[in-house]
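**Student:** Submitted below is the structure of interest, expressed as C-alpha cells.
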Amino acid sequence: MSAGPSRICVVTGGSKGIGAAVAADLSTAGHRVVLAARDPDALASAARALPGPSLTVPVDLTAPDAAETLFGRVEAEWGPAEVLVAAAGAGASARLTETGDELWEQQLALNLTAPFRCVRRALPSMLGARWGRIVVVTSVAAKVGAPYVAAYTAAKHGALGLVRAAAAEVAGTGVTVNAVCPGYVDTPMTDATVAAIVARTGRDEAQARAALARMQPIGRLIRPEEVAAVVRLLLEQEALNGQGLTVDGGGVQS
Ligand SMILES: NC(=O)c1ccc[n+]([C@@H]2O[C@H](COP(=O)([O-])OP(=O)(O)OC[C@H]3O[C@@H](n4cnc5c(N)ncnc54)[C@H](OP(=O)(O)O)[C@@H]3O)[C@@H](O)[C@H]2O)c1
C-alpha cells in the first residue's frame, strides 16, 4: 500500500484512539483519509493533526442509513472508498444477569451491525475495481470470553465471524478482509474503563491503570500506534486474508 498510489481510506472512529492513530499513519503514508464519528469537533481536531488531505463525516454509525450517508459522501467528494478501517466501537460492562436488552442491542448495533453495514456498502466498488482492503478493529474479546462483558464479547466474536465469512467470499478478487484484535490499548476508551474501575472498586486511578497494564504479559498498555502498524501490515499484504491478528503482548495465542 505504502509504495502504491494514494488510496481513498475511510476510517470509522477516526477522531480518537486507535482510529486516530490509523488515520495519522495512513495520512503520513500519503493516502487520502476520511474520518467518521459522531462528535464534529473531535473530528475536526483529528483532521487538523493529519499531514495530508482529509474529509470529516459526522455520523452516528448505529443509524440504519449511516453507511449510505458516509460512503455516499465519500463518493461525491473523492470517489469510491478503496480502504475501510472500521475502528468505531465502545465497550460496556455488566454482569450477564444484569445485561438488559437495551445494553445488549446497543453493543451489537455499534460493534457488529455497524461494521457489517460498512463492509456491505464498501465491497461492491472494491470488487468492481478488483482491489480493496478492509480491516475491522475487533478485540481479544473476539477470541476469548471474560467476565462482565457478555454483550461486548458476543458482538466482537460476531465481528470476527463477519470478517472470516467476508474474506472467504472475496478471496481471489483482489480484495482482502481482516481483523486486528487488541488487548488493552492506551486510548480514551481505556480511560473510561479506568474511571469505571475507580468508581466500582475504590482503587485510585494509578492502581486501576496498573491493573489493566498487567493484563498484557508485556506489563503495559498497547500503544495505538502499535495497532496502527498491524493494520498497515494487513493493508499491505494481499496474502493476509480472513485473519484476526491479536495485538496484546502475547496473552491470547491463536
Ligand atoms: N481501547 C482498548 O483497550 C481496546 C481494546 C480492544 C479493542 N478496542 C476496540 O478498538 C476500537 C477503537 O477503540 P478506542 O480505544 O480507540 O476507542 P475510543 O478512543 O473511545 O474511540 C472510539 C471512536 O469511535 C467513535 N464512535 C463511538 N461510537 C460511535 C458511533 N455510534 N458512531 C460513530 N462513531 C462512534 C468515537 O467518536 P464519537 O464518540 O465522537 O462518536 C471515537 O472516534 C473499538 O472498536 C474498540 O472496541 C479497544
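**Student:** For a test of the definition: using alpha carbon positions, the gyration tensor, and the 1.5 limit on a/c, classify the stretch 10-84 as rounded, prolate or oblate.
**Tutor:** Working: a/c = 1.83, a/b = 1.24, b/c = 1.47.
Oblate.
**Student:** Angle, helix 150-170 long axis vs. longest principal axis of the chain, Cα atoms, 0 to 90°, nearest 10?
**Tutor:** Rounded to the nearest ten degrees, it is 20.
**Student:** Now a separate question. Okay, which of the stretch 145-162 sit inside 20 Å, backbone N to the point 7 Å along the Cα-Cβ direction of A192?
**Tutor:** Under 20 Å, as judged by backbone N against the label point of A192, lie 146-160 of the stretch 145-162.
**Student:** Can I ask one more? Once you have the Cα-Cα distance between E98 and T28, take 0.36 nm times their residue separation minus that, and quote the gain in nm to one decimal. Walk me through the numbers before you get to the answer.
**Tutor:** Values: separation 70, 0.36 × 70 = 25.20 nm, distance 4.44 nm.
Gain on stretching E98 to T28: 20.8 nm.
**Student:** Can you tell me the equivalent ellipsoid semi-axes for the chain? Use √(5λ) from the Cα gyration tensor, largest first, whole Å.
**Tutor:** Details: eigenvalues 162, 73, 68 Å².
Each semi-axis is √(5λ); the values are 28, 19, 18 Å.
**Student:** Over all distinct Cα pairs, what is the inverse of the mean 1/r for the stretch 116-237, reported as the Kirkwood hydrodynamic radius in Å?
**Tutor:** Details: mean 1/r = 0.0622 Å⁻¹.
In the stretch 116-237 this quantity evaluates to 16.1 Å.
**Student:** Any idea what the relative contact order of the chain is, in percent, if you count C-alpha pairs under 8 Å spaced at least 6 apart? Mind showing how you got there, number by number?
**Tutor:** Numbers: 504 pairs, mean separation 48.3, N = 254.
After rounding, I find 19 percent.
**Student:** Quick one: Karplus J couplings for the stretch 48-53, per residue in order, coefficients 6.51, -1.76, 1.60, θ = phi - 60°, nearest Hz, x for Gly and Pro?
**Tutor:** These are the phi-based 3J(HN,Hα) values: 4, 7, 7, x, x, x Hz.
**Student:** Can I ask one more? Using modelled backbone amide H atoms (1.01 Å from N, in-plane), which distant-in-sequence or interchain residues come within less than 5 Å of V59's amide H?
**Tutor:** Under 5 Å from the amide H of V59: A37, R38.
**Student:** Taking amide H atoms as placed 1.01 Å from N in the peptide plane, list the residues 5 or more away in sequence, or in a different chain, whose amide H sits under 5 Å from that of V185.
**Tutor:** The list, which skips near neighbours in sequence, is I222.
**Student:** So what J values fall out for the stretch 126-135 if you push phi through Karplus, 6.51 cos²θ - 1.76 cosθ + 1.60 with θ = phi - 60°, rounded to Hz, Gly and Pro as x?
**Tutor:** 5, 5, x, 7, 6, 7, x, 9, 10, 10
**Student:** Assuming R0 = 25 Å, can you tell me the calculated FRET efficiency for the pair L233 and S254, based on Cβ-Cβ distance, to the nearest 0.05? Can you show the working numbers first?
**Tutor:** On the way: r = 17 Å, r/R0 = 0.69.
For L233 and S254, the calculated efficiency is 0.90.
**Student:** If you don't mind, another one. Give the peptides 147-160, 204-217 in descending order of average Cβ contacts within 10 Å, highest first.
**Tutor:** On the way: 147-160: 21.4, 204-217: 15.3.
Put in order of decreasing packing, that is 147-160, 204-217.
Quick note: the coordinates plus some simple rules give every number you see, no bench work behind them. No experiment lies behind these values; they were computed from the predicted model shown. No Cβ is skipped: glycine too gets one built from the backbone with ideal geometry, and neighbour counts run over all protein chains shown.
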